[in-house]
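Comments concern the structure below.
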């Protein structure tokens, strides 16, 4: 149904990276979620009143909470599509992450309520009246929730939306909880103990886990998490293969301000013998290429390096080998040699992983010792920095 509606109400429905298309899918998902959840709430409420089953009533209000989640999703997607302004020069894309967090918090709240009601039913069991209507309503509810999971999950993948992904997992949690309520409703009159209370507690714990996982994922995105490995590798490959004049790249940093609002900065190493004007044109072309291919804003700093000095090249190779003896994950860039007869300065930057907690001052001493194993006249002038990718 959602794909039919997308063809009717969304212009260019297959342009998933288009901000307008992306917003339209979010709005469509939000309105559809509101309609379906309110309908399920109404039918389950009737079923709960007829059967006298507290678990069905709780499940009904769970759907009402989901309608609230859909409203939050709708508002988040709409707000995230707002254009940049003076106070928010990079747009409002991160509002979508905040909306995703609110959905996750609602899931946790529902989990808490379900745990409370389930534990209460264990100690205060109530007689449940079997009802064919209630069984039909709960069965249809499971199918509807599975459908909602499916379309939200597929939409989340296509438009890369964390808030829709959180909504999708909320739907699958609801389908499981409703299924358990259905089973408990059917078998509980034939058992000597309140099975629905115990099973309800397990379901509530599963819902709690789902909410916590969604909360953690959206919080990490909001805080600024490490960029996707494949994205980084594709960017590096694109830049290095664009022109043979690019000899290396470093200091790649990725900032994310929401889907379609990614900012990239990096340094390109080029020969100091090349024509500066031609290199500048090449850098501009790479920036435009990155923007076109990865839908991002790219800024590139050009680093000229010595390429035709055998002594420098040999020394650089030796230094890299010594650095790798300390840690194979370490790398260097911007290598230069200066000095005279009494000493020779080796000037370069050392990149270490973010997880590396080695003292920079101690690491500098270790590097100096290793470098002087090559030549006692060598002195180092270095900057130690962490990799952000």
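Given the structure, is residue 76 touching a helix residue (DSSP H, G or I) at 6+ places or on another chain (Cβ under 7 Å) and at pLDDT below 80? So that I can check it myself, show each step before the final result.
On the way: touching a helix residue (DSSP H, G or I) at 6+ places or on another chain (Cβ under 7 Å): yes; at pLDDT below 80: yes.
Answer is yes for this residue.
Among 138, 130, which is the only one that is touching a helix residue (DSSP H, G or I) at 6+ places or on another chain (Cβ under 7 Å), in contact (Cβ under 8 Å) with a residue 24 or more places away in the chain and crowded, with 24+ Cβ neighbours inside 10 Å? Walk me through it before giving the result.
Values: 130 fails: crowded, with 24+ Cβ neighbours inside 10 Å.
Just a single option satisfies the conditions, and that option is 138.
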- Hand me the list of helices (runs of 4 or more DSSP H) wholly inside region 162-270 holding 2 or more residues that are modelled with pLDDT under 85. 162-187, 195-223
- Across region 284-310, the tally of residues that are within 30 Å of residue 221 (Cβ to Cβ) and not in a strand (DSSP E or B) stands at 10
- If you go through 219, 184, 168, 204, the only one that is without any contact (Cβ under 8 Å) to a residue 40 or more places away in the chain and assigned by TED's automatic domain parsing to the domain that holds residue 71 is 168
- Which residues, taken from region 26-77, are surrounded by fewer than 17 Cβ atoms within 10 Å (Cβ to Cβ) and outside any helix (DSSP H, G or I)? 52
- Task: Please work out if residue 354 is surrounded by fewer than 17 Cβ atoms within 10 Å (Cβ to Cβ), touching a residue at least 12 places away in the same chain (Cβ under 8 Å) and not in a strand (DSSP E or B).
- Result: yes
- Task: Return a yes/no flag: does region 35-47 have any residue that is under 22 Å from residue 165 (Cβ atoms), in contact (Cβ under 8 Å) with a residue 40 or more places away in the chain and under 26 Å from the mean Cα position of the chain (by Cα).
- Result: no
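Yes/no per residue for (1) buried (at least 19 other Cβ atoms within 10 Å of the Cβ); (2) in contact with a helix residue (DSSP H, G or I) (Cβ under 8 Å, 6 or more places away or on another chain); (3) in contact (Cβ under 8 Å) with a residue 40 or more places away in the chain:
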{"site": "227", "(1), (2), (3)": "no, no, yes"}
{"site": "231", "(1), (2), (3)": "no, yes, yes"}
{"site": "238", "(1), (2), (3)": "no, yes, yes"}
{"site": "247", "(1), (2), (3)": "no, no, yes"}
{"site": "271", "(1), (2), (3)": "no, no, no"}
{"site": "289", "(1), (2), (3)": "no, yes, yes"}
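The values are calculated or read from the model by the stated rules, or taken from the named source; none is laboratory data. From a predicted model like this one, the values you see are computed outputs, not experimental measurements. Please note: Cβ atoms are built from the backbone with ideal geometry, for glycine as well, and neighbour counts cover all protein chains shown.
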